[in-house]
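J.: Once you've had a glance at the structure underneath, I'll fire off some questions.
Please treat every number below as a calculation from the coordinates, not as lab data. All figures in this text were calculated on a predicted structure; none of them were measured in a lab. Cβ: placed from backbone, ideal geometry, glycine included. Neighbour counts: every protein chain shown.
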Amino acid sequence: MVLGTVLLLFPLISTGSPAGGWAGTDAHEAEGGTGRHAVGGGRAGADLIAVTEALQRAVRFFSDSYTETNLDGLYGLRVAEGQLILLLQSCNNGEQRVGFYDTVLDGLRQVLEEISDVANRTLPEIEARNPGYYEQFLEVVNKPYIIEAFPRTLETQEWAEQYRPSVEKRLPTFNEEESDKCMSYMMGSKIRGHHTKEIRCTITERCWNLVTIPDTSGYIITHQLLYTVLAEHVGCTNELNSYARQQGFLEGVPGMQRGRCSSILSQAEFLASNGPPQPEQDLFMEQAVVCGMLGYTNFLRPDWLQKVMTWQRPDGCFGKEMKEEEDELVEQLHSLPFHAHSLNGSTEHRPQTRSPTSRRLLVERLMHGGCLSHKSGLGTALLAMYARAMIDPTYGWESTQD
């Protein structure tokens with residue numbers, strides 16, 4: 001499926017304006033689609049068209065750049081794929097939509113087909129670059145992320161405490177090799193250098209201690225959550241829940257996830273109030289993607305959407321804003337704790353320092369034109385989440401517009 005044909009399904013809006021004019025369809029005609037949700041016309045309808053077109057551009061970028069995409073970019077595509085699948089399932093199970101919604105949903109079905117095609121073309125490229133890495137982490141990106149989480153909100157008192165980034169806590173060292181092993185134990189994959197696969201859904205005390213370190217921030221806390229998401233992705237939810245309860249988490253993994261997302265929300269609020277500048281944009285989107293995947297609608301807001309839309313480049317990717325910023329961005333990326341980065345185009349450099357969750361998953365890669373693979377994957381996933389939230393009435397997007 002060629003994305004150019006998908007674009008024909010949507011009226012064009014002015015470039016660079018997420019809330020730009022909506023041409024070609026009368027707002028009153030759009031409002032006739034359904035009484036279930038008010039996003040069908042006016043400003044809300046224009047925003048939905050803008051988000052959908054931004055998602056199309058992002059997927060088209062990956063389609064044109066699949067030979068450069070690393071595992072982290074593909075991870076974002078798989079999350080986006082899962083969000084669209086869940087959206088279309090919800091619409092198929094609900095009332096029949098007509099007119100405006102038919103047009104949007106038909107376009108998103110084709111975007112979904114394109115994501116699947118791009119992902120399948122990207123996999124052998126990753127395997128060719130690093131067969132051992134590919135074998136160990138294949139299950140992270142071999143299928144869409146269908147995370148069954150109902151839309152919900154975090155109560156104000158759960159996250160109202162102001163985040164103080166200046167307060168640093170000493171955390172136990174957890175090196176890259178151990179982190180790789182934790183994921184392999186969960187997936188049942190073969191650790192590089194070993195001759196046999198691990199037993200799927202294995203949860204060790206060391207790995208549990210990592211994902212339950214309290215009062216974490218930045219990429220550590222999002223990676224703690226990603227471990228629990230991976231458990232559901234590979235079919236280990238029951239095992240992880242059982243282990244959590246044995247360790248005193250009476251609410252199981254959902255309670256732990258809620259607590260982590262409450263902390264992440266206060267951190268995201270802090271970042272949003274300060275821009276966020278580069279490269280904190282990557283972290284800001286990761287926070288929204290991880291907790292948004294778990295159903296927390298606090299991370300899906302019109303004003304935050306506007307920020308994300310302005311970060312997308314005309315070619316659909318997310319990356320450096322200006323070429324002359326490269327030296328500064330290199331310094332910033334390599335100064336980020338808990339994240340290994342590369343700005344070398346064809347290779348992926350990893351700093352020698354080790355820290356909790358400094359695993360090979362979540363590695364940045366510089367692509368052509370200053371685009372960043374991980375950041376672009378996050379942007380694509382987040383745009384798909386917003387499209388879902390704006391169409392699926394259970395998300396209550398209408399109430400957030402006021």
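J.: For I203, I85, I146, which order do you get if you count the other beta carbons within 10 Å of each Cβ and list the fewest first?
T.: The most exposed by this proxy come first: I146, I85, I203.
J.: Taking 30 Å as the cut-off for C-alpha to C-alpha distance, list the pairs among K143/K190; K181/K307; K197/K320; K143/K197 that go past it.
T.: Details: K143/K190 18 Å; K181/K307 36 Å; K197/K320 39 Å; K143/K197 20 Å.
Those over the limit are K181/K307; K197/K320.
J.: From the C-alpha coordinates alone, can you work out the Kirkwood hydrodynamic radius of the stretch 208-312, in Å? Don't skip to the answer; put the middle values down first.
T.: Working: mean 1/r = 0.0695 Å⁻¹.
Result for the stretch 208-312, one decimal place: 14.4 Å.
J.: Charges at C-beta only: +1 for Lys and Arg, -1 for Asp and Glu. How large is the resulting dipole of the stretch 201-305 about its Cα centre, in Debye rounded to 20? Each step should come with its number before you reach the end.
T.: Working: 5 positive and 10 negative charges, 42 e Å.
I would put it at about 200 debye.
J.: Determine, for M390, M183, the number of other Cβ atoms within 10 Å of each Cβ, and report the residues in order from fewest to most. Walk me through the numbers before you get to the answer.
T.: On the way: M390 27, M183 23.
Result, fewest neighbours first: M183, M390.
J.: Using the Karplus equation 6.51 cos²θ - 1.76 cosθ + 1.60 (θ = phi - 60°), what ³J(HN,Hα) coupling, rounded to whole Hz, does each residue of the stretch 145-152 give in order, writing x for Gly and Pro?
T.: Each residue's phi maps through the Karplus curve to give 8, 9, 9, 7, 9, 6, x, 7 Hz.
J.: Next question. Please arrange E269, E114 by counting, for each residue, the other beta carbons lying within 10 Å of its beta carbon, fewest first. Working shown, then result.
T.: Numbers: E269 17, E114 22.
So the residues, fewest neighbours to most, are E269, E114.
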